[in-house]
Amino acid sequence: MTALATPASATADSPSKPSTSTALRARRAIGLVIALIALVVVILASLAIGTRDMPVSEVIGAFVAPSGSDDQLVVLELRYPRTVLGIIVGMGLGLSGALIQALTRNPLADPGILGVNAGASFAVTVGIGFFGITSISGYVWFAFLGALLATTGVYVIGSAGRTRTVDPIRLTLAGVAVAAVLTGLTKGILLTNERAFDAFRSWDVGAIAGRGFDTVSAVVPFIAIGIVLALALSHSLNAVALGDDLAASLGTSVNRTRILSIIAVTLLAGAATAAAGPIGFIGLMIPHIARWIVGPDQRWILSYSLILSPILLLASDIIGRVVMKPGELQVGVVTAFVGAPVLIALVRRKKASGL
């Protein structure tokens, strides 16, 4: 009986792994569908809620059967570009955060670790103080150029040495050093230029209000390229997470993966920061939430980050409109208030904290 029971038990156990894997894939797919539904709900809420609330039917009517009413003009000219920008900026910040955490194998990393925020802030300060830039569209190009140059500098410093490889620790230290220098220079300019300080603080707080489709069209190409590049790297990032030697033995070019990841982070975070200013916690918190839901698979983490980040950004923007009526609280302030306690709760979970 024992001889017969052993094969039977083995046969019974063997399908368990495939069934578990199927159940996990199904759970991940269902979660992604729920996230997409939540995104649609938040988008409708963003279009409907503000100083003057309006029914969803009026919002839909503004697109389906425009009548030129005041409510529809508010939706189309003010809330529509604001919502679209919120989606784009959220995607850029969340996806770049997931990439930088995978790249450095550091769950506490965010895009700012590559000097993106510091570079953008310094460039905007220079644009205001020395070139008289006053428009949001002008800030965008200066900020993106600053983010690009800062990240390039971090990469050059972080990859210096005999091996010419991109080491995550050197990269992190280089990012901290470059960010510290640029932050000091930014503060120096602001302290000696009152006009630059007054103009800079409105951008530095982090906001999607007051931006139009000119800002959206300026950053969409960069974020779109960054999204495609990030998703294409997901399989290689899974291999890199196993360690450099094992990843190389599996046929993955570790150095190329890291270089392309840095390019993607620069495009995503640089464009998002240029459009909305520095917005904290999204790039840090969203990958934690995604990892907690789906586990360590970068393919799913990146996909979830792409959907969850605009949900958080738009929800924070809505909260800012509601709590300060008839005025509003900028989204960068709200994400800090919302993000801090949520992140503390998440990092206390062992499953959420590890990569």
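The values are calculated or read from the model by the stated rules, or taken from the named source; none is laboratory data. The structure presented is a predicted model; accordingly, all values stated were derived computationally and were not measured. Neighbour counts are summed over all protein chains in view; Cβ atoms, including those assigned to glycine, are modelled from backbone coordinates with ideal geometry.
Quick notes on this one:
- The single condition among (1) within 30 Å of Ser159 (Cβ to Cβ); (2) crowded, with 18+ Cβ neighbours inside 10 Å that Gly243 does not satisfy is (2).
- Some residue of segment 155-170 being buried (at least 17 other Cβ atoms within 10 Å of the Cβ), hydrophobic (A, V, I, L, M, F, W, C), under 23 Å from the mean Cα position of the chain (by Cα) and within 20 Å of Pro278 (Cβ to Cβ): no
Rundown of residues vs (1) under 27 Å from Leu229 (Cα atoms); (2) at pLDDT below 90; (3) in contact with a His (Cβ under 8 Å, 6 or more places away or on another chain); (4) among the aliphatic types (A, V, I, L, M), yes/no style:
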{"site": "Gly280", "(1), (2), (3), (4)": "yes, yes, no, no"}
{"site": "Gly283", "(1), (2), (3), (4)": "yes, no, no, no"}
{"site": "Leu306", "(1), (2), (3), (4)": "yes, no, no, yes"}
{"site": "Ser309", "(1), (2), (3), (4)": "yes, no, no, no"}
{"site": "Ile319", "(1), (2), (3), (4)": "no, no, no, yes"}
{"site": "Met324", "(1), (2), (3), (4)": "no, yes, no, yes"}
{"site": "Gly332", "(1), (2), (3), (4)": "yes, no, no, no"}
{"site": "Phe337", "(1), (2), (3), (4)": "no, yes, no, no"}
{"site": "Leu346", "(1), (2), (3), (4)": "no, yes, yes, yes"}
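- Any hit, segment 228-241, residues being small (Gly, Ala, Ser), farther than 30 Å from Ile319 by Cα and more than 24 Å from the chain's Cα centre (by Cα): no
- Ser253 being at pLDDT below 90 and farther than 21 Å from Ala38 by Cβ: yes
- Restricting Leu44, Leu103, Leu95, Leu32 to residues that are more than 30 Å from Leu171 (Cα to Cα) and either in contact (Cβ under 8 Å) with a residue 24 or more places away in the chain or of a type outside the set (A, V, I, L, M, F, W, C) (or both) narrows the list to Leu32.
- Residue count, segment 190-203 (criterion: surrounded by 17 or more Cβ atoms within 10 Å (Cβ to Cβ) and in contact with a Phe, Trp or Tyr (Cβ under 8 Å, 6 or more places away or on another chain)): 2
- Filtering segment 56-73 to residues that are part of a helix (DSSP H, G or I), loosely packed, with under 12 Cβ neighbours inside 10 Å and not aliphatic (A, V, I, L, M) leaves Ser57, Asp70.
- Filter result (touching a residue at least 12 places away in the same chain (Cβ under 8 Å) and surrounded by fewer than 24 Cβ atoms within 10 Å (Cβ to Cβ)) within segment 335-346: Ala336, Val338, Gly339, Ala340, Val342, Leu343, Leu346
- Pair list, Cβ under 6 Å, 6 or more apart: segment 61-83 residue at pLDDT 90 or above, other residue of a type in the set (Phe, Trp, Tyr) and outside any loop (DSSP other than H, G, I, E, B): Pro81/Phe213
- Among the residues here, Ala38 qualifies as small (Gly, Ala, Ser), out of contact with any Leu (no Cβ under 6 Å at 6 or more places or on another chain), under 18 Å from Ile87 (Cβ atoms) and assigned to a helix (DSSP H, G or I).
- Among the candidates Ile279, Ile311, Ile262, the residue that is surrounded by 15 or more Cβ atoms within 10 Å (Cβ to Cβ), touching a helix residue (DSSP H, G or I) at 6+ places or on another chain (Cβ under 6 Å) and either within 28 Å of Ala29 (Cβ to Cβ) or free of Cβ contacts under 8 Å to residues at least 24 places away in the same chain (or both) is uniquely Ile311.
- Ile133 falls short on exactly one of the conditions (1) assigned to a loop (DSSP other than H, G, I, E, B); (2) under 15 Å from the mean Cα position of the chain (by Cα), and that condition is (2).
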